[in-house]
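Have a look at the structure below before the remarks.
The values are calculated or read from the model by the stated rules, or taken from the named source; none is laboratory data. This structure is a prediction, so every number in the text was calculated from the model and none was measured. Here the Cβ positions follow ideal geometry from the backbone for every residue, glycine too, while neighbour counts run over all protein chains shown.
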Amino acid sequence: MSSSAKQSFDKSARPDKRPAPFSIRLSADERAALERKAGQRPLGSYIRAKLLGDSEKPRKVSRAPTVDYALLGQVLGMLGKSEQVRCLFLLSVAAEAGHLELEDEDRIALNEACTSIREVRSLLVKALGLTSGGGA
């Protein structure tokens with residue numbers, strides 16, 4: 001292939017003129033240590049800054065939080081099975097029916113606790129992309 005044909009091919013094959021990425025193998029412990037040191041910065045940016053100096057203008061980090069659906073599901077399941085939630089609800093019903101004497105501020109605090117639990121459940125259901133099947 002002639003020199004000009006090779007240059008033409010190279011330009012069409014790599015029109016963005018970006019250099020090929022550089023990869024490095026790390027042990028799990030090495031990578032974990034680097035990720036801890038990087039904090040919220042992307043790992044590549046952190047490594048580049050350490051190798052080449054911090055003179056490079058840092059890019060804005062827009063890292064969306066990761067969602068662990070399994071853990072959210074476990075939390076929702078624990079909330080549903082919790083006797084504490086059931087007991088709070090029963091106390092609230094008894095207080096509203098007049099079967100349990102509570103000071104006004106205690107009744108308010110109990111109702112707020114029940115409302116907070118409902119909100120937590122609702123947020124968990126929403127985070128998991130589920131539809132609500134009743135109150136907790």
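Below are the figures for this structure:
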read-out	value
Counted residues, the stretch 101-119 - those being of a type in the set (A, V, I, L, M, F, W, C) and either exposed (fewer than 15 other Cβ atoms within 10 Å of the Cβ) or modelled with pLDDT under 85 (or both)	2
Given (1) of a type in the set (Asp, Glu); (2) modelled with pLDDT under 85; (3) surrounded by 12 or more Cβ atoms within 10 Å (Cβ to Cβ), number of the condition GLU35 does not satisfy	(2)
Boolean, ALA64 is closer than 30 Å to THR131 by Cα, surrounded by fewer than 10 Cβ atoms within 10 Å (Cβ to Cβ) and at pLDDT below 85	yes
Pairs where the first residue, in the stretch 71-82, is closer than 15 Å to SER122 by Cβ and the second is among the charged types (D, E, K, R) and part of a helix (DSSP H, G or I), C-beta under 6 Å, 6+ apart	LEU79/ARG121
Residue match in the stretch 78-86 (condition: modelled with pLDDT under 90, touching a Cys at 6+ places or on another chain (Cβ under 9 Å) and β-branched (Val, Ile, Thr))	yes
Number of the exception - ILE117 against (1) touching a residue at least 24 places away in the same chain (Cβ under 8 Å); (2) touching a Lys or Arg at 6+ places or on another chain (Cβ under 6 Å); (3) aliphatic (A, V, I, L, M)	(2)
